[in-house]
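Peer 1: My questions all concern the structure below.
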Amino acid sequence: MSRMKTQNNTVRHPAFWLAVIWLLTLPALWHSLNAATELRVDVGEWGDHTILHGAHGREANPFENYRWTEKRATITFPNLSPRYRILQIRTHGWRPEGIPSPWVQITIAEQRQVAFQTERALRTYTTLLPDAALSPTIEASLTSETYTPAEDTRALGVAIDWIALYALDTPGSLANGQFIGQALLLGLTLTLIALLALPGAVTVACGLLASTTLVGLNIVEPLWVGLGLIPWLFIVALLTGATWFIAPWLMRMLERMPNTGLQQRVSSKTWITRMQARIAWALLVAALIVRLAGAAHPLFDARDVHVHTRWQKTVAGGQLFFYSTPAEFQNRQTFNPPAAYIVLLPLYLALGDARLTVQAGVALLDGLIALALLLIAHEFGLSARAGLFAMALYVALPISMTMMWWGFAANAIAQVWWVLLLWLLLRLTRAPDRSLFALVTVVAILCLTTHIGALVTLAAFLGLITLIGWCVLPSNGWRAMVAGLLLAGVFAAPMYFIPAAAPLVNAPRSPTTLDPIASFIDSLALWPERVDLVQRALTLGFLSPILALAAVGLPLLFTARRRHPLQRTLLLSTLIVCVVFFLSYVFLQLLTRYIYFATPLVCLAAGATLARLAVRPGGRWMTYSLTLLVVWSGVALWFGGVLLRIKPSLVPLTQ
């Protein structure tokens, strides 16, 4: 009887079913790695830089996009299977009259494979590659004769239009590296899901989703999965380790938070239950996985990453003063503060890759906002359920995913400090403490020295919070807040005025510099169009259902009977700043990202509404469906941009 009971408990445990899912997925994983008949890269298009090295910049004519190679170029494909052994290159070796077309030699594994003379017109060349079953990659080197045009300084080899690997008709054995790596990736992911200790049905559903996603991506985009395998293994391994070592400590801290709201049971002494704390950690892990899976992938470059990598290297070289021309300052040259790149410096020293540092660092910091929203919900006196809904909405909120794709790194990091500062201000004004005072000062300094454009919005927020808070806060709380902000200003002001005052005052006005009078005159005719753009920005950034929920939830936050003394001040300051910058855009076309910086309070207001709806008859399924809709929309937007190169609209970030 005891043995039968033990067996029944084993079968019922979610970890058992995750192990079953892993075993059943292995054959499908084997098939998916052999399903694709070709791996193809269009040279001159997005993503070709991870496959082709030793080539000049992208060029185009009316018929194709291409790149000229240097004397030696390298082609690298992930070794998905030994079946992929037919290499095809569409190329030409155009030369002026009297100069023969160049010879090309293909070398694989340090051995000469084939040599041929190209022609002046495009032609496809095919060669059979040797078997490389044990190698994780397939690498071919192209050595060609070069030619330097009279009007150019580049040494040009051959122009490549596309490169492809085709599978042989006879099935071959699976490449050990890819199969073992992807099986390990799936196993680690399922282990992470098991460690989250969510309800059984949710655990099994997440396991099925993970296995189906991996197999499906192998069939649709095998090249993308093959190249992302190594960074994904690191990401999942690190999150699994964090779940094992950090999650228990964090959950204990959350469970110790006292119940301050009216929406909890009267008999409950704690604000959050153990299961809710586990869900909070799971949502944090989900937010990090969504962001890091795309940001760390070798094929993805955020739109403005080249700017931030240059500044990251500048800071790493010891130079803290560099300049930009932000739209918030009328496109005039001004000092760009270095705090964002100083914060990322340890990661850069560890990774040694500026691109990966910027993209992964921003993804990591932005994901932590989800946890900060839960902490702010506690200070607001909301229920833990409301905080969890706010976290769930932020997991893949479209406006955050848009910010990640465009690569406005310093703006995104400034948002992190802003949300953290909100929580610390709520804590400090409720119960002033020296440690909280020091934290507020440090985070406020980071807020003020991260991005010059964000400074405009954040300074307006903090100014209003200080002025309005004088009327409503206890005197000791208000003095502590003002002292911390003033001390932060004392440290931040010299960083701006010493290097920035002269360029800001003396810089000549560019043709794009805003003329307020002319802009106001233009606005008399263009204001309907600008109002429509703001409406589109809100809809694209948050989705209509979330905006409706936030509109309902905002009065709930204002009228809550047991609320934080600073709560109404924060909400009112946010509304005033948004209205002022909305009018400045409509009538003066001054650009600030006030909609983006209002994101935390939109999530909290919508979360409060969802929490109220969830306790009504039939409301649970409706709220879960709405939340999943938002998450699905953000994930589709993010991976559509990362994987399919679909450019998300910039409108939500230009308001």
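The values are calculated or read from the model by the stated rules, or taken from the named source; none is laboratory data. Computed from a predicted model, the values in this text were never measured in an experiment. Neighbour counts run over all protein chains shown; Cβ positions are idealised from the backbone, glycine included. Just so you know, the surface numbers come from the protein's heavy atoms only, side chains and all, with ligands and any DNA or RNA stripped out. Shrake-Rupley method; radii C 1.70, N 1.55, O 1.52, S 1.80 Å.
Peer 1: If Arg252 satisfies all but one of (1) touching a helix residue (DSSP H, G or I) at 6+ places or on another chain (Cβ under 9 Å); (2) over 17 Å from Leu283 (Cα atoms), what's the number of the condition it fails?
Peer 2: Against the list (1) touching a helix residue (DSSP H, G or I) at 6+ places or on another chain (Cβ under 9 Å); (2) over 17 Å from Leu283 (Cα atoms), Arg252 comes up short only on (2).
Peer 1: Separate question: Which of the numbered conditions does Leu591 fail, given that it passes all the others? Conditions: (1) assigned to a loop (DSSP other than H, G, I, E, B); (2) more than 28 Å from the chain's Cα centre (by Cα).
Peer 2: Against the list (1) assigned to a loop (DSSP other than H, G, I, E, B); (2) more than 28 Å from the chain's Cα centre (by Cα), Leu591 comes up short only on (2).
Peer 1: Another question about this same structure. If I go through segment 77-126 residue by residue, how many of them are within 23 Å of Pro62 (Cα to Cα), small (Gly, Ala, Ser) and out of contact with any Pro (no Cβ under 6 Å at 6 or more places or on another chain)?
Peer 2: Of the residues in that region, 2 qualify.
Peer 1: Just the residues that are out of contact with any Ser or Thr (no Cβ under 7 Å at 6 or more places or on another chain) and either surrounded by 19 or more Cβ atoms within 10 Å (Cβ to Cβ) or not in a helix (DSSP H, G or I) (or both), please, taken from segment 461-474.
Peer 2: Across segment 461-474, the qualifying residues are Leu462, Pro474.
Peer 1: When you look at Leu208, is it open to solvent by 40 Å² or more (accessible area, probe 1.4 Å), touching a residue at least 60 places away in the same chain (Cβ under 8 Å) and more than 14 Å from Leu80 (Cα to Cα), yes or no?
Peer 2: For Leu208, the condition - open to solvent by 40 Å² or more (accessible area, probe 1.4 Å), touching a residue at least 60 places away in the same chain (Cβ under 8 Å) and more than 14 Å from Leu80 (Cα to Cα) - is met.
Peer 1: Right, here's the next one. Considering only segment 592-614, state which residues are surrounded by fewer than 21 Cβ atoms within 10 Å (Cβ to Cβ) and in contact with a Phe, Trp or Tyr (Cβ under 8 Å, 6 or more places away or on another chain).
Peer 2: If the condition is that a residue be surrounded by fewer than 21 Cβ atoms within 10 Å (Cβ to Cβ) and in contact with a Phe, Trp or Tyr (Cβ under 8 Å, 6 or more places away or on another chain), then Ala614 is the only one that fits.
Peer 1: Assess whether Thr609 counts as being touching a helix residue (DSSP H, G or I) at 6+ places or on another chain (Cβ under 7 Å), modelled with pLDDT of 95 or more, among the β-branched types (Val, Ile, Thr) and in the same structural domain as Leu650 (by the TED database).
Peer 2: Numbers: touching a helix residue (DSSP H, G or I) at 6+ places or on another chain (Cβ under 7 Å): yes; modelled with pLDDT of 95 or more: yes; among the β-branched types (Val, Ile, Thr): yes; in the same structural domain as Leu650 (by the TED database): yes.
Considered against the rule, which asks whether it is touching a helix residue (DSSP H, G or I) at 6+ places or on another chain (Cβ under 7 Å), modelled with pLDDT of 95 or more, among the β-branched types (Val, Ile, Thr) and in the same structural domain as Leu650 (by the TED database), Thr609 comes out as yes.
Peer 1: Among the candidates Pro617, Pro555, Pro545, Pro565, which residue alone is in the same structural domain as Ile452 (by the TED database), farther than 26 Å from Pro648 by Cβ, surrounded by fewer than 23 Cβ atoms within 10 Å (Cβ to Cβ) and in contact with a Leu (Cβ under 9 Å, 6 or more places away or on another chain)?
Peer 2: Pro565
Peer 1: Kindly indicate whether any position in segment 615-622 is assigned to a helix (DSSP H, G or I) and either closer than 21 Å to Ile452 by Cβ or touching a helix residue (DSSP H, G or I) at 6+ places or on another chain (Cβ under 6 Å) (or both).
Peer 2: Yes, segment 615-622 contains a residue that is assigned to a helix (DSSP H, G or I) and either closer than 21 Å to Ile452 by Cβ or touching a helix residue (DSSP H, G or I) at 6+ places or on another chain (Cβ under 6 Å) (or both).
Peer 1: So Gln330 passes all but one of these: (1) modelled with pLDDT under 75; (2) crowded, with 21+ Cβ neighbours inside 10 Å. Which condition number does it fail?
Peer 2: All conditions pass for Gln330, except number (2).
Peer 1: Okay, moving on. What's the number of the condition Ala132 fails, among (1) modelled with pLDDT of 85 or more; (2) open to solvent by 30 Å² or more (accessible area, probe 1.4 Å); (3) more than 32 Å from the chain's Cα centre (by Cα)?
Peer 2: (1)
Peer 1: Continuing with the same structure: Tell me, which residue of segment 22-54 that is among the hydrophobic types (A, V, I, L, M, F, W, C) and open to solvent by 30 Å² or more (accessible area, probe 1.4 Å) is nearest to the chain's Cα centre (by Cα)?
Peer 2: The qualifying residue nearest to the chain's Cα centre (by Cα) is Trp46.
Peer 1: Could you tell me which residue of segment 424-451 is most open to solvent (accessible area, probe 1.4 Å), considering only residues that are in a helix (DSSP H, G or I) and within 22 Å of Ala360 (Cα to Cα)? So that I can check it myself, show each step before the final result.
Peer 2: Let us first name the residues in segment 424-451 that are in a helix (DSSP H, G or I), namely 424-430, 434-448.
Within this subset, residues satisfying the condition of being within 22 Å of Ala360 (Cα to Cα) are 443, 446-447.
Numbers: Val443: 10, Leu446: 38, Cys447: 2 Å².
Among residues in segment 424-451 that are in a helix (DSSP H, G or I) and within 22 Å of Ala360 (Cα to Cα), the one most open to solvent (accessible area, probe 1.4 Å) is Leu446.
Peer 1: Here's a check for you: in segment 10-36, which residue that is closer than 19 Å to Gln182 by Cα and touching a Phe, Trp or Tyr at 6+ places or on another chain (Cβ under 8 Å) is modelled with the highest pLDDT?
Peer 2: Leu29
Peer 1: Same structure, new question: List the number of the failed condition for Phe587; all other conditions in (1) under 20 Å from Asp366 (Cα atoms); (2) touching a helix residue (DSSP H, G or I) at 6+ places or on another chain (Cβ under 7 Å); (3) open to solvent by 40 Å² or more (accessible area, probe 1.4 Å) hold.
Peer 2: Unmet condition: (1).
Residue-wise test of (1) open to solvent by 30 Å² or more (accessible area, probe 1.4 Å); (2) at pLDDT 90 or above.
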{"position": "Pro222", "(1), (2)": "no, no"}
{"position": "Gly226", "(1), (2)": "no, no"}
{"position": "Leu229", "(1), (2)": "no, yes"}
{"position": "Ile235", "(1), (2)": "no, yes"}
{"position": "Gly241", "(1), (2)": "no, yes"}
{"position": "Asn259", "(1), (2)": "yes, no"}
{"position": "Gln264", "(1), (2)": "yes, no"}
{"position": "Trp271", "(1), (2)": "no, yes"}
{"position": "Met275", "(1), (2)": "yes, yes"}
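Peer 1: Residues to consider are Ala316, Ala282; find the one that is in the same structural domain as Val395 (by the TED database), over 16 Å from Ala363 (Cβ atoms) and open to solvent by 30 Å² or more (accessible area, probe 1.4 Å).
Peer 2: Going through Ala316, Ala282 in turn, just one is in the same structural domain as Val395 (by the TED database), over 16 Å from Ala363 (Cβ atoms) and open to solvent by 30 Å² or more (accessible area, probe 1.4 Å): Ala316.
Peer 1: Between a residue in segment 552-564 that is under 14 Å from Glu379 (Cα atoms) and any residue that is open to solvent by 80 Å² or more (accessible area, probe 1.4 Å), which pairs come within a Cβ distance under 8 Å, given they are 6 or more apart or on different chains?
Peer 2: Leu557/Arg563; Phe558/Arg568; Ala560/Leu262; Arg561/Leu262; Arg562/Leu262; His564/Arg430
Peer 1: Does segment 55-69 hold any residues that are of a type in the set (S, T, N, Q) and surrounded by 15 or more Cβ atoms within 10 Å (Cβ to Cβ), and which are they?
Peer 2: Asn65, Thr69
Peer 1: So in segment 160-191, with the set limited to residues that are among the aromatic types (Phe, Trp, Tyr) and at pLDDT below 90, which one is nearest to His92 (Cα to Cα)?
Peer 2: The extreme case among them is Tyr166.
Peer 1: Is there a residue being in contact with a Gly (Cβ under 6 Å, 6 or more places away or on another chain) and modelled with pLDDT under 85 anywhere in segment 93-115?
Peer 2: Taking every residue of segment 93-115 in turn, none turns out to be in contact with a Gly (Cβ under 6 Å, 6 or more places away or on another chain) and modelled with pLDDT under 85.
Peer 1: Just to be sure before I move on: is Arg120 charged (D, E, K, R) and in contact with a Leu (Cβ under 9 Å, 6 or more places away or on another chain) in the structure I sent? Steps first, please.
Peer 2: Details: charged (D, E, K, R): yes; in contact with a Leu (Cβ under 9 Å, 6 or more places away or on another chain): no.
No; evaluated as a whole, the condition is false for this residue.
Peer 1: Right, something else. Find the helices (runs of 4 or more DSSP H) located wholly in segment 337-423 whose residues include 2 or more that are in contact (Cβ under 8 Å) with a residue 24 or more places away in the chain and crowded, with 22+ Cβ neighbours inside 10 Å, and list them.
Peer 2: On the way: elements: 339-343, 345-351, 354-367, 369-379, 384-395, 398-406.
Answer list for segment 337-423: 339-343, 354-367, 369-379, 384-395, 398-406.
Peer 1: So, one more: Being of a type outside the set (Val, Ile, Thr), closer than 12 Å to Leu549 by Cβ and in contact (Cβ under 8 Å) with a residue 24 or more places away in the chain is the filter here, so list the residues in segment 615-634 that pass it.
Peer 2: Within segment 615-634, Leu626, Leu629 qualify.
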